[in-house]
Amino acid sequence: MALFSFRLQRLLKYRCSQSEEDQKELVRRRWRLAEEASKTARLEAELGYAAEQWRKQSRAAELNLHLLELSSEYFRWVNRSLGEQRELEFESSRLVEEQEETAYRSWRRRRVLELLQERARGEHGRQEKLKERRFLDEVTLYSFNRRD
């Protein structure tokens, strides 16, 4: 029986490695998105704290304008930082979606080659069985003819 050899084996190997790399990149990008989301949540909590401090100082019996101004400036800085962080998170989310599409396309290309390999292996098996059956038929016919 002849050994099976898939003509596109090198291409399949390349597609497999490409698919694995795309999956790794997707994991990295998802990790980065989680980090960005964590930073956004931290800034949102900090913004809530800054707003609460500003409210407390503005309602105080004795108004300290310097502290009120500092609180207001800190609130604006946190709010601006939060806006920038949300933009970073949105960009990171876009990159994750883009990488998901790339990984899916890569997986599909690989899967097509795997299916072709399975079909070729099945066809090879059928051809080998046919050869074996023909050989056995010839041996039987030869042995039958020798008896006569």
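Read the figures in this text as sums done on the coordinates, not as results from a lab. Keep in mind the model is a prediction, meaning the values are calculated, not measured. Cβ: placed from backbone, ideal geometry, glycine included. Neighbour counts: every protein chain shown.
For the chain, the longest principal axis of the C-alpha atoms and the axis of helix 9-59 are separated by about 10°. Label separation (residue 73 vs residue 18): 5.6 nm, computed from points 7 Å beyond Cα along the C-beta direction.
Please give the helix 65-147 orientation as an angle from the longest Cα principal axis of the chain, in degrees from 0 to 90, rounded to the nearest 10. Helix 65-147 and the main axis of the chain meet at about 0 degrees. Taking each residue as 0.36 nm, the span from residue 59 to residue 124 lengthens on full extension beyond its C-alpha to C-alpha distance by 14.9 nm.
Helix-only mean residue ellipticity at 222 nm, the chain, DSSP H runs n ≥ 4 weighted -39,500 (n - 2.57), per residue, nearest 500. What is it? Walk me through the intermediate numbers first.
Values: 2 runs with 134 residues, N = 148.
Helix-only estimate at 222 nm: -34500 deg cm²/dmol.
Charges were assigned to the Cβ only: +1 to each Lys and Arg, -1 to each Asp and Glu. The resulting dipole of segment 66-115 about its Cα centre is roughly 420 debye.
Apply 1/(1 + (r/R0)^6) to the Cβ-Cβ distance of residue 91 and residue 9, taking R0 = 35 Å, and write down the FRET efficiency to the nearest 0.05. Don't skip to the answer; put the middle values down first.
Numbers: r = 39 Å, r/R0 = 1.13.
With R0 = 35 Å, the Cβ-Cβ based efficiency is 0.35.
For the chain, the Kirkwood radius over C-alpha pairs fed into Stokes-Einstein at 20 °C and 1.002 mPa s yields D = 98 µm² per second. Placing unit charges on the Cβ atoms of the charged side chains and taking the dipole of the chain about its Cα centre, the candidate lying farthest along the positive direction among 41, 142, 66 is 142.
So if I place +1 on the C-beta of Lys and Arg and -1 on the C-beta of Asp and Glu, and nothing else carries charge, what would the dipole magnitude of the chain be about its Cα centre? I want it in debye, nearest 20. If you can, show how the numbers build up before the last one.
Numbers: 32 positive and 28 negative charges, 242 e Å.
Computed charge dipole of the chain: roughly 1160 debye.
When the Gaussian network model of the chain links Cα atoms closer than 10 Å, the mean-square fluctuations of 29, 59, 110 top out at 59.
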